[in-house]
Amino acid sequence: MKINLDYSGRHVFVFGGTTGINFGVAQAFARQGAAATVASRSEDNVNAAVTLLEEQSAQVLGVCADVRNFDAVGQAFEHAVARFGPVDVLVSGAAGNFLCEASSMSSNGFRTVVDIDLVGTFHVLRQAHRHLRRPGGSVINITAPQASIPMRYQAHCGAAKAGVDQLTRILALEWGSEGLRINAISPGPIDGTEGVRRLMAPSAEARRAAVDAVPLKRLGTLDDIANLALFLGSPHAGYISGAVIPCDGGGALESVKPTLEAAGRAAASASHEQGTR
Ligand code: NAP
Ligand code: COA
């Protein structure tokens with residue numbers, strides 16, 4: 001069978017899909033012919049994303065919604081489904097993060113990241129459930145390596161993303177008999193994104209350490225992640241469910257953990273020097 005990644009006539013919804021990795025994923029699906037819905041908090045981000053996506057697909061919808069607001073997430077799906085029909089591929093990637101030691105992190109700081117990354121993912125999947133195409137709907141959560149690799153300054157994000165990984169597996173169990181597949185992509189450091197610019201590599205030294213932590217000795221690209229999402233959303237991945245798949249140049253391998261920690265330390269010291277809280 002020839003690989004066919006034509007998404008014409010399909011509806012792809014990317015929550016948190018207006019910037020960075022998730023926007024790269026939305027662009028890739030739109031290029032392959034999908035009707036694309038993107039949603040996030042900022043009206044400016046939503047409008048900018050819609051303008052760029054319209055260059056790739058005639059069918060684009062942007063919705064403003066905060067994943068922490070269960071009802072707003074539900075309304076976003078109502079709106080999108082009224083326009084483009086059931087969701088064939090749902091990508092859930094809204095996230096927030098900052099570098100901070102647990103001993104100085106406020107309760108609200110910890111809760112904020114857990115609310116966006118973990119509770120937000122539950123809201124998105126829970127509200128999407130009845131709108132997913134059956135059979136054949138594919139859900140892709142965007143997680144992160146700190147879900148399974150303990151990293152300093154990442155108590156909030158590591159705990160939240162570990163929850164996202166387990167939610168992925170449990171919903172794959174619960175929803176599999178409905179013909180729905182639930183997977184997660186765990187990106188490594190992806191060049192040009194907020195996660196790398198602000199968190200992993202805010203200085204030349206931190207960037208060198210981040211590259212050095214990857215066995216393939218390069219940062220990832222938006223297309224590296226989008227290509228995996230295109231595959232996971234398609235029938236070619238029809239027997240893959242409940243999987244958390246690293247797309248990281250080998251960075252999650254146990255042997256590189258000390259180098260990852262060095263990258264985290266360099267990034268944290270650079271962000272302190274810049275006076276970031
Ligand atoms: P990003 O550009 O900041 O993307 C985050 C997106 O989520 C934005 O579109 C943001 O838009 C949206 N968002 C944030 N809070 C939200 C909320 N409460 N409700 C709705 N939408 C919200 O960051 P990124 O670096 O590309 O990261 C994207 C994903 O990849 C995240 O899940 C992250 O954990 C994961 N990841 C990234 C890397 C990396 O190298 N960058 C590595 C591993 C994992 P608004 O501000 O408009 O809401
Ligand atoms: N260090 C320590 N605490 C911090 C912090 C930092 N760098 N940034 C925020 N916080 C704390 C705040 O002090 C606040 O706690 P407090 O009320 O006890 O003071 C809490 O976190 C919430 O901050 P607030 O700015 O009100 O949250 P928000 O909802 O406006 O923004 C964030 C959420 C903080 C996660 C923000 O970084 C964000 O919106 N990020 C989205 C983009 C992103 O992070 N992308 C990368 C994805 S990997």
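The values are calculated or read from the model by the stated rules, or taken from the named source; none is laboratory data. Keep in mind it's a predicted model, so treat the numbers as computed, not measured. Cβ placement follows ideal geometry from the backbone for every residue including glycine, while neighbour counts extend to all protein chains displayed.
List of remarks:
- Of all residues in the range 119-168, exactly one satisfies the criterion of being more than 16 Å from the chain's Cα centre (by Cα), part of a helix (DSSP H, G or I) and within 12 Å of ligand 1 (Cβ to nearest atom), namely H156.
- The set of residues in the range 40-69 being within 24 Å of I185 (Cβ to Cβ), within 16 Å of ligand 2 (Cβ to nearest atom) and not aliphatic (A, V, I, L, M) consists of S40, R41, S42, N45, D66, R68.
- From the options A159, A94, residue that is free of Cβ contacts under 8 Å to residues at least 60 places away in the same chain and under 28 Å from G250 (Cα atoms): A159
- Exclusive hit being at positive phi, modelled with pLDDT of 95 or more and in contact with a Pro (Cβ under 7 Å, 6 or more places away or on another chain), set G158, G250, G220, G242: G250
- Cross-chain or 6+ apart pairs with Cβ under 7 Å, the range 7-25 first and of a type in the set (F, W, Y), then part of a loop (DSSP other than H, G, I, E, B) and buried (at least 24 other Cβ atoms within 10 Å of the Cβ): Y7/A34; F15/V67; F15/G93; F15/A94; F23/G17
- In the range 97-110, residue nearest to R265 (Cα to Cα) [restricted to those that are in a helix (DSSP H, G or I) and in contact (Cβ under 8 Å) with a residue 24 or more places away in the chain]: A102
- Residue match in the range 7-19 (condition: buried (at least 24 other Cβ atoms within 10 Å of the Cβ), within 11 Å of the chain's Cα centre (by Cα) and assigned to a helix (DSSP H, G or I)): no
- Selection within the range 128-144 - within 30 Å of S106 (Cα to Cα) and either surrounded by fewer than 22 Cβ atoms within 10 Å (Cβ to Cβ) or among the hydrophobic types (A, V, I, L, M, F, W, C) (or both): I142, A144
- Residue list for the range 25-71, restricted to those being within 20 Å of V164 (Cβ to Cβ) and part of a helix (DSSP H, G or I): V25, A26, F70
- Scanning the range 56-65 turns up at least one residue that is at pLDDT below 95, surrounded by fewer than 20 Cβ atoms within 10 Å (Cβ to Cβ) and under 29 Å from L5 (Cα atoms).
Quick grid of which residues meet (1) out of contact with any Gly (no Cβ under 6 Å at 6 or more places or on another chain); (2) of a type in the set (A, V, I, L, M):
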residue: R126; (1), (2): yes, no
residue: R133; (1), (2): yes, no
residue: S138; (1), (2): no, no
residue: Q154; (1), (2): yes, no
residue: G158; (1), (2): yes, no
residue: L167; (1), (2): yes, yes
residue: A172; (1), (2): no, yes
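- Selected residue (criterion: farthest from ligand 2 (Cβ to nearest atom)) from residues of the range 82-116 that are among the hydrophobic types (A, V, I, L, M, F, W, C), within 21 Å of Y7 (Cα to Cα) and in contact with a Phe, Trp or Tyr (Cβ under 9 Å, 6 or more places away or on another chain): F84
- Residue in the range 193-203 that is under 16 Å from the mean Cα position of the chain (by Cα), farther than 15 Å from V25 by Cβ, more than 9 Å from ligand 1 (Cβ to nearest atom) and not in a helix (DSSP H, G or I) present: no
- Hits in the range 95-112 (condition: in contact with a helix residue (DSSP H, G or I) (Cβ under 6 Å, 6 or more places away or on another chain), among the aliphatic types (A, V, I, L, M) and more than 10 Å from ligand 1 (Cβ to nearest atom)): L99, A102
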